[in-house]
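Novice: Once you've had a glance at the structure underneath, I'll fire off some questions.
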């Protein structure tokens with residue numbers, strides 16, 4: 001749970017929430033997937049964690065219990081497709097009953113026969129990843145021709161989810177689909193679309209960072225005569241990178257340096273280290289470390305941000 005002292009400090013100095021505690025919890029419950037998307041660390045034929053596996057129930061329970069008195073977003077399946085997990089409802093029920101968390105679920109949506117798992121009462125945000133409206137481009141990016149299945153799941157959800165559940169599309173831009181973006185936004189105009197112009201190369205870790213200023217014309221959308229940009233374009237957050245507010249937990253309870261990198265970069269496990277102590281050590285460590293030094297998607301002003309808060 002969050003310490004009272006930390007809450008007082010946060011109010012006195014008006015610090016961003018991520019300085020004192022994570023705002024989102026991503027749990028590596030397993031690293032299995034049915035696709036091999038070029039932008040993702042987890043492939044059907046192998047994981048960037050090198051070792052396949054699943055989290056133990058007791059590890060998950062200990063983690064959720066730690067945050068039981070806090071309001072934090074919980075996103076299960078940091079590295080894996082959630083609909084492959086037979087314990088999905090069990091995990092979501094635990095998080096929903098024990099904590100005050102808002103549960104977020106990201107899925108590729110291609111396992112249509114497992115769609116009923118998405119109706120769990122505690123899930124408040126569902127994001128389906130679709131990176132092209134064109135079947136050929138979709139197969140190139142996702143590794144399989146399953147666009148139709150993803151669209152079936154998306155359409156079914158729009159009819160069947162409760163009104164209080166936020167449904168959106170995650171759209172990750174890369175060099176294979178960037179030319180389709182304007183048409184993609186028109187095709188899916190009925191949905192909230194989260195555009196991530198992060199990876200312009202072949203993979204997440206090895207990509208060349210997209211330069212936002214050079215892509216603005218591609219992402220521009222006219223609405224009521226005003227220029228607006230889809231989510232993640234402006235990058236006005238007072239953060240060093242898009243991941244620094246997120247606490248990643250590995251399958252063995254590792255407190256991970258970054259959710260986009262292997263669990264070998266960690267500050268111990270939840271069994272031998274207090275989570276918030278590890279979080280403060282991560283802030284003190286900053287971004288001058290083996291993990292962050294190899295990252296290509298840090299925000300341009302990351303040094304200034306870390307200089308203010310580290």
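Novice: Within segment 83-106, how many residues turn out to be in contact with a helix residue (DSSP H, G or I) (Cβ under 7 Å, 6 or more places away or on another chain) and touching a residue at least 40 places away in the same chain (Cβ under 8 Å)?
Specialist: Residues in segment 83-106 being in contact with a helix residue (DSSP H, G or I) (Cβ under 7 Å, 6 or more places away or on another chain) and touching a residue at least 40 places away in the same chain (Cβ under 8 Å): 2 in total.
Novice: Okay, moving on. What pairs come up if the first residue lies in segment 288-307 and is closer than 10 Å to residue 239 by Cα, the second is assigned to a helix (DSSP H, G or I) and modelled with pLDDT under 85, and their beta carbons are under 6 Å apart, counting only those six or more places apart or on different chains?
Specialist: So the pair list comes out empty.
Novice: Return the only residue of 102, 56 being surrounded by fewer than 18 Cβ atoms within 10 Å (Cβ to Cβ) and more than 16 Å from residue 33 (Cα to Cα). Working first, answer last.
Specialist: On the way: 102 fails: surrounded by fewer than 18 Cβ atoms within 10 Å (Cβ to Cβ).
Step by step, each of 102, 56 is checked, and only 56 is surrounded by fewer than 18 Cβ atoms within 10 Å (Cβ to Cβ) and more than 16 Å from residue 33 (Cα to Cα).
Novice: Just need a number here: residues in segment 159-174 that are under 22 Å from residue 196 (Cα atoms) and either assigned to a strand (DSSP E or B) or more than 20 Å from the chain's Cα centre (by Cα) (or both).
Specialist: Residues in segment 159-174 being under 22 Å from residue 196 (Cα atoms) and either assigned to a strand (DSSP E or B) or more than 20 Å from the chain's Cα centre (by Cα) (or both): 7 in total.
Novice: Go through the residues of segment 198-217 one by one and say whether even a single one is within 21 Å of the chain's Cα centre (by Cα), surrounded by fewer than 17 Cβ atoms within 10 Å (Cβ to Cβ), modelled with pLDDT of 50 or more and within 26 Å of residue 118 (Cβ to Cβ).
Specialist: Taking every residue of segment 198-217 in turn, none turns out to be within 21 Å of the chain's Cα centre (by Cα), surrounded by fewer than 17 Cβ atoms within 10 Å (Cβ to Cβ), modelled with pLDDT of 50 or more and within 26 Å of residue 118 (Cβ to Cβ).
Novice: Within segment 243-255, identify whether any single residue is in a loop (DSSP other than H, G, I, E, B), modelled with pLDDT under 80, within 30 Å of residue 153 (Cα to Cα) and in contact with a strand residue (DSSP E or B) (Cβ under 8 Å, 6 or more places away or on another chain), and answer yes or no. First the steps, then the outcome.
Specialist: Applying the first criterion (in a loop (DSSP other than H, G, I, E, B)) to segment 243-255 yields 243-245, 250-253.
Filter once more, so that each one left must be modelled with pLDDT under 80: none.
No, there is no match, as no residue in segment 243-255 is in a loop (DSSP other than H, G, I, E, B), modelled with pLDDT under 80, within 30 Å of residue 153 (Cα to Cα) and in contact with a strand residue (DSSP E or B) (Cβ under 8 Å, 6 or more places away or on another chain).
Novice: Hey, another quick one. From the list 119, 167, 157, exactly one residue is touching a residue at least 12 places away in the same chain (Cβ under 8 Å), more than 15 Å from residue 36 (Cα to Cα), surrounded by fewer than 19 Cβ atoms within 10 Å (Cβ to Cβ) and in contact with a helix residue (DSSP H, G or I) (Cβ under 6 Å, 6 or more places away or on another chain). Which is it? Spell out the reasoning first.
Specialist: Working: 119 fails: in contact with a helix residue (DSSP H, G or I) (Cβ under 6 Å, 6 or more places away or on another chain); 157 fails: in contact with a helix residue (DSSP H, G or I) (Cβ under 6 Å, 6 or more places away or on another chain).
After applying the criteria, what remains is 167.
Novice: Search segment 3-31 for residues being in contact with a helix residue (DSSP H, G or I) (Cβ under 9 Å, 6 or more places away or on another chain), surrounded by 18 or more Cβ atoms within 10 Å (Cβ to Cβ) and part of a loop (DSSP other than H, G, I, E, B), and hand back the single one that is modelled with the lowest pLDDT.
Specialist: Per the stated criteria, the residue is 21.
Novice: When residues of segment 122-154 are filtered for being in contact with a helix residue (DSSP H, G or I) (Cβ under 9 Å, 6 or more places away or on another chain), over 16 Å from residue 102 (Cβ atoms) and either part of a loop (DSSP other than H, G, I, E, B) or without any contact (Cβ under 8 Å) to a residue 40 or more places away in the chain (or both), how many remain?
Specialist: 13
Novice: Condition check: part of a helix (DSSP H, G or I), under 20 Å from residue 259 (Cα atoms) and modelled with pLDDT of 80 or more. Does residue 60 satisfy that?
Specialist: In short, yes.
Novice: Could you run through segment 259-274 and say how many residues are buried (at least 20 other Cβ atoms within 10 Å of the Cβ) and either modelled with pLDDT of 90 or more or touching a strand residue (DSSP E or B) at 6+ places or on another chain (Cβ under 7 Å) (or both)?
Specialist: Residues that pass the stated criteria total 3.
Novice: When residues of segment 278-309 are filtered for being surrounded by 15 or more Cβ atoms within 10 Å (Cβ to Cβ), in a loop (DSSP other than H, G, I, E, B) and at negative phi, how many remain?
Specialist: Count: 7.
Novice: Shifting gears a bit: What do you reckon, is residue 95 assigned to a helix (DSSP H, G or I), under 23 Å from residue 31 (Cβ atoms) and at pLDDT below 90?
Specialist: Spelling it out, residue 95 is indeed assigned to a helix (DSSP H, G or I), under 23 Å from residue 31 (Cβ atoms) and at pLDDT below 90.
The values are calculated or read from the model by the stated rules, or taken from the named source; none is laboratory data. Since we're looking at a predicted model, the values are computed, not measured. Note: ideal-geometry Cβ built from the backbone for every residue, glycine included; neighbour counts use all protein chains shown.
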